[in-house]
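First up is the structure itself, then whatever we jot down about it.
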Amino acid sequence: MKRTLFALFLITTLLTALACERRGNATNGSGTGPIVVGYYGDLSGRTSSFGQSTKNGAEMAADEINKAGGIDGRTIQIIVEDDQGEPNKAATVVTKLINQDKVMAILGEVASSNSLAAAPKAQAAKVPMISPSSTNPAVTQVGDYIFRVCFIDPFQGEVMAKFAANNLKAKHAAILYDFNSDYSRGLFEFFKRSFTSLGGQIVLEKSYTQGDRDFSGQLTAIRSANPDVIYVPGYYGEVGVISNQTKQLGIKAPLLGGDGWDAPQLWQLGGASLNGNYISNHYSVDDPSPAIQKFVADYKARYNISPDALAALGYDSMKVLADAIKRAGSTENTKLRDAIAQTKDFPGVTGKISIDKDRNAVKPAVVLKLENSKFVYETTIAPEGSTPPATSSAPASGASTAGAPAPPAKAASPTN
Amino acid sequence: MDTFVQQLINGLNVGAIYALIALGYTMVYGILRLINFAHGDVYMVGAFAGYFIALSLGLAAGPSIFSLALVLLGSMIIAAIVGMIIERFAYRPVRKYSRMTTLIMAIGVSLLIENLFVARIGAAPRAFPDFLGSQSQPPIHLFGNAAISKAQIIIFLVSIALMVLLQWVVFRTKVGTAMRAVSFNLNSAKLMGINTDAIISLTFAIGSSLAAAGGVLTAQYNPNIDPLMGILTGLKAFVAAVLGGIGNIPGAVLGGLLIGAAETFVVGYGSQIGIASTYRDAVAFAILILVLLLRPSGLLGSTVQEKV
């Protein structure tokens, strides 16, 4: 009896696999049928807010395109996979999307560590992958099929360093970063380089690891170093607690961060302790431009929540991909790759997107101030010419800031 | 000087939580010679029980000692029930087999609880409501830069009260006498007319409720709770129990405070002697190895063990 059951089980599994295979092949035609796009992200792990927002944005974009008649009459179908925020699972689900679902392009991931794990799979299979929001330079260096629609860490680190030095008039900065995150380490390096080249001094560097709950040891050491600002380029889960404990230790220096802070859960974790901190980000919901306001209104109507930057980037990544498919006139991989690479001045929600020779998007960043559970627009800082080379040796020399110097009221230096 | 005092406060604050959890390890070990590896997860269950109580009663964040007391008590009761269920349905049926079987069962229970929680509510961190207003209020200044926050004061006061209460129960009540009798010899205790099953059940209940108190208290300081929060904290509390002498109640408290202080000092001062702050977790386990090599019975577990 057991044997029969086992045999039955084996047969069913094989049949299912075959069926999937056939379905996959059927959708791979280049002429008709839906355009199958894979999305992978963290939908249930520690950074699931990122994955959910990005997915929401991408799906909304796909629906808009489909409602408007699709691309040359073909609709877009997104197949969603959850990688639980773990790099090895990211690689697995991307392999599944490529081999089983036969997707024509891939959107994902948010966290650079996960994108870095999955990108080699896409590159090897020559399937174009667009990361909505992985900012570590190494991601697109994986190969010529890997793109992104966001700026990169050297620029994001530089933006905050400039804001701290020019707008906040900070001389001494302390850094608290996530030791195991490619994203956090990248921002830490580039902030440090820019800030010191602007005449500032890093008084203390401390680290933590994702999942830590107590930061009072690091923060007490930072307090005794007496910095003007504290740079915390982490993700919202830890940052909310860090901000909380900063207040409990009576530290008055503001915390500065990056786009990894941008999640609704940040406010629940940090509450009022977050007031007066600053982050660099991809766009601001307060931006009065009609395109952004329409996006914000549509998103709110659909999901009943205000879109964070990751939702906007998810939306943009889908739109950039659709634009490239339209221009390529085909979903054939080399043509699609070339079309994405040629994207120029695409009007995205997060700014005009042009893909440079390193397959990164060149666009400005905004600095937002945290006030009463809201990100309030502070200033915009634009890149000069092109972004610095993705590898090291990117001194922050040239680039000037569009936003700085800020009006005197906002430049009040935080003395303690 | 003020920085040193501050780091000491931080360290003892973390240590108090380890101590509360270590008590559960040590009590169960004393009575059954079982390392209850699911205990760290009971701590997590306690934190989530508090979270869901607050959510269902609509106790929003906002300074209210009453809300905190209610949530604390509720989560201790729920965790006590969870502890008794684990004992009744996982450990009691295999108690008559070898100790290895029970140990493997404990690991299985631990993984089961963690994955059930991940599957049911997701691994994303959740924010425990702040009942002390510590997000907006400045801390209380002691001297120089040294300060202590309201959450830290509450953590110290409640954990000391619970430890004193436990000491009283174990040494001054009839139930406590029975617990000590069972820990000396289970079979003789049974012959003396003690309902050993009930006593073991009670031991799990007490240990679990202490862990839950630790979970709720720590969430007042670090509001970030997730289903895997009990793994590392539980292991460190276990090390604390071994350091103090497993089976020894004051030892568990001492061990917890020492581990908490040690890791905070590594974070605070380690870089001055070339140890990065990321070594904080390695410290506890280095201590475990040293204790096992140099003093296997632990700091206070030398001659006469008060196994409870």
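The values are calculated or read from the model by the stated rules, or taken from the named source; none is laboratory data. Fair warning: this is a prediction, and the values are worked out from it, not measured in the lab. Note that we place each Cβ from the backbone using ideal geometry, even for glycine, and neighbour counts take in every protein chain shown.
What the table below lists for this structure:
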read-out: Residues that are touching a Ser or Thr at 6+ places or on another chain (Cβ under 8 Å) and without any contact (Cβ under 8 Å) to a residue 24 or more places away in the chain, drawn from region B:138-185; value: B:P139, B:I140, B:K150, B:A181
read-out: Identity of the residue in region A:359-371, at pLDDT 90 or above and surrounded by fewer than 21 Cβ atoms within 10 Å (Cβ to Cβ), that ends up nearest to the chain's Cα centre (by Cα); value: A:K369
read-out: Residue list for region B:226-272, restricted to those being on the phi < 0 side of the Ramachandran plot, buried (at least 24 other Cβ atoms within 10 Å of the Cβ) and not in a helix (DSSP H, G or I); value: B:P227, B:I246, B:N248
read-out: Residue tally, condition out of contact with any strand residue (DSSP E or B) (no Cβ under 6 Å at 6 or more places or on another chain), over 21 Å from A:G314 (Cα atoms) and not in a loop (DSSP other than H, G, I, E, B), over region A:244-264; value: 5
read-out: Residues within region B:273-285 that are part of a helix (DSSP H, G or I) and within 14 Å of another protein chain (Cβ to nearest Cβ), tallied; value: 9
read-out: Residue pairs meeting the criteria (Cβ under 7 Å; at least 6 apart or on separate chains; first farther than 19 Å from A:V203 by Cβ, in region B:257-284; second among the acidic types (D, E) and buried (at least 18 other Cβ atoms within 10 Å of the Cβ)); value: B:R280/B:E263; B:V283/B:E263; B:A284/B:E263
read-out: Exclusive hit being closer than 30 Å to A:D42 by Cβ and more than 14 Å from chain A (Cβ to nearest Cβ), set B:I86, B:I113; value: B:I113
read-out: Elements of type helices (runs of 4 or more DSSP H) contained in region A:59-175, each with 3 or more residues being touching a strand residue (DSSP E or B) at 6+ places or on another chain (Cβ under 8 Å) and within 30 Å of A:G33 (Cα to Cα); value: A:87-99, A:112-125
read-out: Within region A:191-249, considering residues that are more than 7 Å from chain B (Cβ to nearest Cβ) and acidic (D, E), the one nearest to B:Y269 (Cα to Cα); value: A:E205
read-out: Residue satisfying condition, being at pLDDT below 90 and surrounded by 18 or more Cβ atoms within 10 Å (Cβ to Cβ), within set A:G385, A:G351, A:G329; value: A:G351
read-out: Any hit, region B:296-308, residues being within 12 Å of chain A (Cβ to nearest Cβ) and either among the small types (G, A, S) or assigned to a helix (DSSP H, G or I) (or both); value: no
read-out: Residue, farthest from B:G133 (Cα to Cα), within region B:66-94, restricted to residues that are buried (at least 17 other Cβ atoms within 10 Å of the Cβ) and not aliphatic (A, V, I, L, M); value: B:Y91
read-out: Those residues of region B:101-136 which are assigned to a loop (DSSP other than H, G, I, E, B) and buried (at least 17 other Cβ atoms within 10 Å of the Cβ), in sequence order; value: B:G122, B:A123, B:A124, B:P125, B:F128, B:P129, B:D130, B:F131, B:L132, B:S134, B:Q135
